[in-house]
Each structure stands twice: as C-alpha cells, then as structure tokens.
1. Pairs please, first residue from the range 7-35 and over 11 Å from Tyr85 (Cα atoms) and in a loop (DSSP other than H, G, I, E, B), second anywhere and open to solvent by less than 90 Å² (accessible area, probe 1.4 Å) and not polar (S, T, N, Q), Cβ atoms under 7 Å, 6+ apart in sequence or on different chains.
2. So Met56 ticks every box in (1) out of contact with any strand residue (DSSP E or B) (no Cβ under 7 Å at 6 or more places or on another chain); (2) crowded, with 16+ Cβ neighbours inside 10 Å; (3) under 29 Å from Asn145 (Cα atoms); (4) at pLDDT 90 or above but one. Which box is left unticked?
3. Which one of the conditions (1) modelled with pLDDT under 85; (2) exposed (fewer than 14 other Cβ atoms within 10 Å of the Cβ); (3) acidic (Asp, Glu) does Asp94 fail to meet, given that it meets all the rest?
4. Could you please find all residues in the range 144-173 being of a type in the set (Ser, Thr, Tyr) and either in contact with a strand residue (DSSP E or B) (Cβ under 8 Å, 6 or more places away or on another chain) or within 26 Å of Leu86 (Cα to Cα) (or both)?
5. Looking for whichever is on the phi < 0 side of the Ramachandran plot and not in a helix (DSSP H, G or I) here; the options are Phe92, Phe78. Which one fits?
6. Exactly one condition in (1) within 22 Å of the chain's Cα centre (by Cα); (2) open to solvent by 20 Å² or more (accessible area, probe 1.4 Å); (3) at pLDDT 85 or above is not met by Glu112; state its number.
7. Within the set of pairs 6 or more residues apart or between chains, which connect a residue that is over 12 Å from Arg87 (Cα atoms) inside the range 40-65 to a residue that is surrounded by fewer than 17 Cβ atoms within 10 Å (Cβ to Cβ) and aliphatic (A, V, I, L, M) with Cβ atoms less than 6 Å apart?
8. Search the range 14-30 for residues being surrounded by 10 or more Cβ atoms within 10 Å (Cβ to Cβ) and at pLDDT 85 or above, and hand back the single one that is nearest to Arg74 (Cα to Cα).
Amino acid sequence: SVTDEKGNPIRDVKVDAEMTRSELKWGTIYNGYYLENMTPKAKKYREVGKKDFNSMTPEANMKETNFSPISVTRMIDFAVENNMYLRGHTLFWDGTVHFRPEDKMEEKTKEEVLKHYYEIAGCYLKGLGKTKNFDEFDIINEPLNNFYLRNKFGWDLYSDIYKMCKNINPNIELW
C-alpha cells in the first residue's frame, strides 16, 4: 500500500514500477572478439547479449594460456555499461596443458606457484575495469580432472589459493 509521510494509507493511487535489475542471474559467456570488433555480426552479438541476459562470464579470455588484460577490461566495462553481473572464469586450471610454457610451472616450488598466481589474481580481483570488479569468481577449474600441481604439493595448495584470493579482495564471492 501507499502511505503519506505520517504512515497513513493513501487510497486510489496509481503506482508504476519498472525493474532495472533482476536478482536472478541469467547469464551467458561472452567472447572477447565480439566485444572488441565492429562487424555486423559482433554488433548483433552485443545487442542480443544486452537484451537477453543480465550476467556475463568471459569465455576463454581469463584462462591463463589466453589471458588478455585488454580484452578482460573491455568485458568488465561492457558489464558496467549494461548493468550486468560479472562472473570471472577461471584463475587456476591445474593441468600442464593449461600452463604457459614460459612459466615453467613444473620447476616451481609451492611458494613460487602461489606468487605466480598472486600476481595474476591481483589483476583480476583488484580490478581492471572502470568502476567495478567481478561479482563472483571461479578460482579453481575442474580439480578432479586436472591435478598436476595438486599431486606435487597436496590439497592444501587449493585452500592456499582460495585464502590468497580472499585476502586480495574479500568482497568477491569465490567458487
């Protein structure tokens, strides 16, 4: 019901309301190519994404072998401009095919591995975009299928990575 400043009900009042953002996250992956290019197909991709979804996840642009700070920044800015939730995917994918060869992960100590991911997590979790950061973030991807460093350092490696990420930004929901 509608009330006046004293809390008394006001009768026969017409109220119009328009939802600006749903709490239900209805999302899709976004490919950086289509956000960065101006082709007719890319323009249609962005239009459909804005119309049909309120949440986005960068497709492969955040995986370590494909990491592109410029592309990820554009995605964050796109989410801000379109009032979208933003889910990051993924910080750590524990399989040798997912490591960049130049990082020589197989030669690193646990402390060096954590330092390596601290530097990457800092880019993601402290913020790359204009005015916001991620609402939530997938930290470890497919841990039962990919376990190279876990076998080397034990399950504590994963909890150490989560703790490190929470220390970098305690406001992001981590998965």
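The values are calculated or read from the model by the stated rules, or taken from the named source; none is laboratory data. What you see is a predicted model, and the numbers here were worked out from it, not measured in a lab. Note that each Cβ is placed from the backbone with ideal geometry, even for glycine, and that neighbours are counted across all protein chains shown. Quick note on the areas: whole protein, heavy atoms, side chains included, nothing else; ligands and nucleic acids left out. Shrake-Rupley method; radii C 1.70, N 1.55, O 1.52, S 1.80 Å.
1. Here the result reads Ile10/Val2; Ile10/Asp4; Val13/Val2; Val15/Val2; Asn31/Glu59, each pair linking the range 7-35 to a residue that is open to solvent by less than 90 Å² (accessible area, probe 1.4 Å) and not polar (S, T, N, Q).
2. The failed condition is (1).
3. Only one criterion is unmet by Asp94, namely (2).
4. Residues satisfying the conditions are Tyr158, Ser159, Tyr162.
5. After ruling out the rest, the residue left standing is Phe92.
6. (1)
7. none
8. Tyr30
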